[in-house]
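Student: The structure that follows is given in the form of C-alpha cells.
The values are calculated or read from the model by the stated rules, or taken from the named source; none is laboratory data. This is a predicted model, so every value here is computed, not measured. Cβ placement follows ideal geometry from the backbone for every residue including glycine, while neighbour counts extend to all protein chains displayed.
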Amino acid sequence: MISALMISVGAVSGISAFLAILMVIADATIANYGEVKITINGDKEYDVKGGKPLLGTLMEQEIFIPSACGGRGSCGLCKVTVKEGAGQYLPTELPWISEEEQAENVRLSCQIKVKNDMSLEIPEELFNVKEFQAKIAKVRDLTHDIKEVTMELSDPPEISMVPGQFVQLRIPEYELTDEPVYRAYSVASNPSDTKHVELEIRLVPNGIATTYVHNYMKEGDDIIFNGPYGDFYLRETEREIIFIAGGSGMAPIKSILLSMAEKGINRRARYFFGARSKKDLFLVEEMQRLEKELPNFEFIPALSDPEEEDKWEGETGLITDVVARHMESGDNTEAYLCGSPGMIDACIKVLSDKGVPDELTYYDKFG
C-alpha cells in the first residue's frame, strides 16, 4: 500500500516537473512576441523586442528603474504604473503591491514580461539617471565582513547626487552567474566629491554580488554602475535628527554627516549604531572626528553581544533598547534609518512610541 502510494506521488511529481520544463522551453522558444511598442508618460515611444522582463527591457533603452535586489522580486522597489498591456497580477507581485496601488495599476517591473504593446508612467526624474563607467580605485577592509569600495569615474567623469542616495552596481559574469546582475548599494562618500563614489559592502553568504566584491574584485578593475536613486536625504528643517543604522547601513548616514560638516549644518543630531561585538564596529574614529566638527552631534555605538576580550564599556543591548533609553520624547524630531528590514521595523515602533510621526521617519531597507 505504502509502496503504491509512493509510486503515485513520484509519478505526479515527475509529470509536474516535466510540464514545468515544457512551459519554460515554450516561453523561451515558441513564444516569439516579436517587436512591441512601449509608450512612457504619453509622449516617449520605444520599439523593443518582446519576451523579457520590463525592468531589463527598460534598462536596454537606458531607462533605469531602481531595484535593490537586481530583479529577483524581493525588494519591491521597481514599481511602475502600467496603464495598458501588463496582464493579470502575478503571485510574486502581490506581497509588494497594496490594494490602493492595485487600483492604480502599479506593477513590479522585474516580474512582468513585455508581451504586448504597453503604456507606462514613471517619474520624470528617472530619465536623468545615467550609466557610469568607472575603475576600482581602492578596496579596503572595514571589518571582517565589510569592504569599502571606492570607484573613480571615467565616463561620464562626474556624478551629481544628494547625500543618502544609492546606486546600482553591475556585477559581471563569473562562476556564480552566467549573466550580469545588478545590486543596490548606498553611497558612503560626500557627494561634493563628484569624481568618486564610495560604497560599503557587507558579505552575504552565497550572495552573487557580495561574493564577487569580496573574493574577486581588485583595484584597477573596470566597473559599471547606474544611478543615483532614492529619496533618503536630509530634509531642510530645524528638527532634531535621530540616525539609526547597523552594519553597512552606516553608508548613507556617513554621507549625510560628511555633507552636514562641510556645509556647517549644526542641528542637534544623535547617531545610534548597532553592532554585535567590537569586531563589527568600524569608522569609530571618523565618527569621533565628526563629533568635534559638529558640536551638536553625538555618536552612540552599541554592542548587542560584546565578547569578554572586547572590554566594552559603552552601550549594550539591542539598538532599539538603546534608542528607547536615550530618547525622552519624539517632539520636533525626524529620524533616518538604514539597515535590515527587521531592524527598521523594530526601530519604527520605538520611534512611534516616543512620538515621532511616521511621516517624519525616513528609511532605506536593504535585506
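Student: Mind checking which residues of segment 237-262 are crowded, with 24+ Cβ neighbours inside 10 Å, over 19 Å from residue 190 (Cα atoms) and of a type in the set (S, T, N, Q)?
Tutor: Across segment 237-262, there are no qualifying residues.
Student: Right, next: Taking segment 190-224 only, how many residues are touching a helix residue (DSSP H, G or I) at 6+ places or on another chain (Cβ under 6 Å) and of a type in the set (A, V, I, L, M, F, W, C)?
Tutor: Of the residues in that region, 3 qualify.
Student: Pick out the one residue from 120, 169 that is under 21 Å from residue 48 (Cβ atoms) and not assigned by TED's automatic domain parsing to the domain that holds residue 336. So that I can check it myself, show each step before the final result.
Tutor: Values: 169 fails: under 21 Å from residue 48 (Cβ atoms).
Residue meeting the stated conditions: 120.
Student: In segment 184-196, what count of residues is obtained for those that are assigned to a loop (DSSP other than H, G, I, E, B) and in contact (Cβ under 8 Å) with a residue 60 or more places away in the chain? Give the steps one after another, and end with the answer.
Tutor: First, pick out the residues of segment 184-196 that are assigned to a loop (DSSP other than H, G, I, E, B): 188-195.
Still in the running and in contact (Cβ under 8 Å) with a residue 60 or more places away in the chain: 188-192.
Here the count works out to 5.
Student: Follow-up question, since we're still on this one. For residue 234, indicate whether it is farther than 27 Å from residue 358 by Cβ, of a type outside the set (D, E, K, R) and modelled with pLDDT of 95 or more. So that I can check it myself, show each step before the final result.
Tutor: Numbers: farther than 27 Å from residue 358 by Cβ: no; of a type outside the set (D, E, K, R): yes; modelled with pLDDT of 95 or more: yes.
No: the conditions fail for residue 234.
Matching residues to (1) free of Cβ contacts under 8 Å to residues at least 24 places away in the same chain; (2) part of a strand (DSSP E or B); (3) more than 16 Å from the chain's Cα centre (by Cα):
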| position | (1), (2), (3) |
| --- | --- |
| 179 | yes, no, yes |
| 182 | no, yes, no |
| 214 | no, no, yes |
| 219 | no, no, yes |
| 228 | no, yes, no |
| 242 | no, yes, yes |
| 250 | no, no, no |
| 253 | no, no, no |
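Student: Still on this structure, please answer the following. Could you tell me whether residue 234 is of a type in the set (A, V, I, L, M, F, W, C), touching a residue at least 12 places away in the same chain (Cβ under 8 Å) and more than 30 Å from residue 82 (Cα to Cα)? Lay out the reasoning, then the answer.
Tutor: On the way: of a type in the set (A, V, I, L, M, F, W, C): yes; touching a residue at least 12 places away in the same chain (Cβ under 8 Å): yes; more than 30 Å from residue 82 (Cα to Cα): yes.
Yes: the conditions hold for residue 234.
Student: Still on this structure, I have one more. In this structure, is residue 91 surrounded by fewer than 18 Cβ atoms within 10 Å (Cβ to Cβ) and either in contact with a Ser or Thr (Cβ under 8 Å, 6 or more places away or on another chain) or not in a helix (DSSP H, G or I) (or both)?
Tutor: Against the criterion (surrounded by fewer than 18 Cβ atoms within 10 Å (Cβ to Cβ) and either in contact with a Ser or Thr (Cβ under 8 Å, 6 or more places away or on another chain) or not in a helix (DSSP H, G or I) (or both)), residue 91 qualifies.
Student: All but one of (1) over 28 Å from residue 79 (Cβ atoms); (2) touching a His at 6+ places or on another chain (Cβ under 8 Å); (3) not charged (D, E, K, R) hold for residue 174; which doesn't?
Tutor: (2)
Student: Hey, among 318, 303, 360, which residue is within 26 Å of residue 259 (Cα to Cα) and of a type in the set (A, V, I, L, M)?
Tutor: 360
Student: Sort out which residues of segment 255-295 are under 21 Å from residue 309 (Cβ atoms), basic (Lys, Arg) and in contact with a strand residue (DSSP E or B) (Cβ under 8 Å, 6 or more places away or on another chain), and write them in order of number.
Tutor: Scanning segment 255-295 gives 276, 278.
Student: What is the number of the single condition among (1) in contact with a strand residue (DSSP E or B) (Cβ under 9 Å, 6 or more places away or on another chain); (2) outside the structural domain of residue 178 (by TED's automatic domain parsing); (3) among the basic types (Lys, Arg); (4) more than 22 Å from residue 191 (Cα to Cα) that residue 218 does not meet?
Tutor: Residue 218 satisfies all of (1) in contact with a strand residue (DSSP E or B) (Cβ under 9 Å, 6 or more places away or on another chain); (2) outside the structural domain of residue 178 (by TED's automatic domain parsing); (3) among the basic types (Lys, Arg); (4) more than 22 Å from residue 191 (Cα to Cα) except (2).
Student: Please pick out the residue among 303, 283 that is under 26 Å from residue 190 (Cβ atoms) and within 26 Å of the chain's Cα centre (by Cα).
Tutor: Working: 303 fails: under 26 Å from residue 190 (Cβ atoms).
Matching residue, one of 303, 283: 283.
Student: Only one residue in 147, 138 is surrounded by fewer than 18 Cβ atoms within 10 Å (Cβ to Cβ) and at pLDDT 95 or above, so which one is that? First the steps, then the outcome.
Tutor: Working: 147 fails: surrounded by fewer than 18 Cβ atoms within 10 Å (Cβ to Cβ).
Matching residue, one of 147, 138: 138.
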